[in-house]
Amino acid sequence: MSRLIRALLAPFLLLVVTQTALAANIANGEKMARRWCAACHVVAADQSRGNTQAPPFSAIAKRPGFDAGKLALFLLLPHPRMPDMNMSRNEAADLAAYIASQGR
Ligand code: HEC
């Protein structure tokens with residue numbers, strides 16, 4: 001490959017790599033939601049009912065001002081009435097992205 005082509009391609013490749021690393025993994029978020037959250041929340045359209053007053057994820061995602069980044073932060077903090085999941089930043093981001101996808 002010529003130097004010029006390589007020089008032109010490099011920034012593009014870097015962009016692709018960083019985008020992939022930053023993109024949250026919605027499929028992983030769904031897996032976690034079904035395992036850890038479905039006992040109380042309705043986490044997906046195919047789930048019939050949660051068993052507490054916990055809001056369905058679709059309702060959370062449709063709230064005005066909903067923001068996946070803020071939600072990911074919220075999930076990292078312990079909060080009353082919900083078990084402390086002790087999850088990593090990546091896991092929280094995946095879950096938040098999944099919840100966001102339920103509002104569409
Ligand atoms: C033991 C039951 C239970 C489990 C398990 C649970 N939640 Fe909740 N969650 C609740 C309840 C109850 C509320 C409502 C709290 C309130 O209104 O004070 C809530 C509220 C929330 C809210 C909304 C907070 C707000 O702004 O009103 C989010 C987001 C949330 N849960 C995410 C999750 C996620 C993600 C999981 C899985 C990792 C999860 N929850 C697991 C019971 C649970």
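Among the residues of the range 67-83, the ones that are part of a helix (DSSP H, G or I) and within 9 Å of the ligand (Cβ to nearest atom) come to 3 in all. The residues of the range 27-63 that are under 16 Å from R81 (Cβ atoms), β-branched (V, I, T) and in a loop (DSSP other than H, G, I, E, B) amount to a single one, T52.
Residues in the range 84-97 that are assigned to a loop (DSSP other than H, G, I, E, B) and not acidic (D, E): M85, N86, M87, S88.
Of all residues in the range 45-56, one or more are crowded, with 16+ Cβ neighbours inside 10 Å, at pLDDT 90 or above and in contact with a Gly (Cβ under 9 Å, 6 or more places away or on another chain).
When restricted to residues that are near the ligand (Cβ under 9 Å from one of its atoms) and without any contact (Cβ under 8 Å) to a residue 40 or more places away in the chain, the range 84-100 contains 1.
Any chance the range 22-33 includes a residue that's of a type in the set (A, V, I, L, M), modelled with pLDDT under 90 and surrounded by 14 or more Cβ atoms within 10 Å (Cβ to Cβ)? Yes; the residues of the range 22-33 include at least one that is of a type in the set (A, V, I, L, M), modelled with pLDDT under 90 and surrounded by 14 or more Cβ atoms within 10 Å (Cβ to Cβ).
The values are calculated or read from the model by the stated rules, or taken from the named source; none is laboratory data. Since the structure is predicted, the reported quantities are computational estimates derived from the model, not experimental observations. Please note: Cβ atoms are built from the backbone with ideal geometry, for glycine as well, and neighbour counts cover all protein chains shown.
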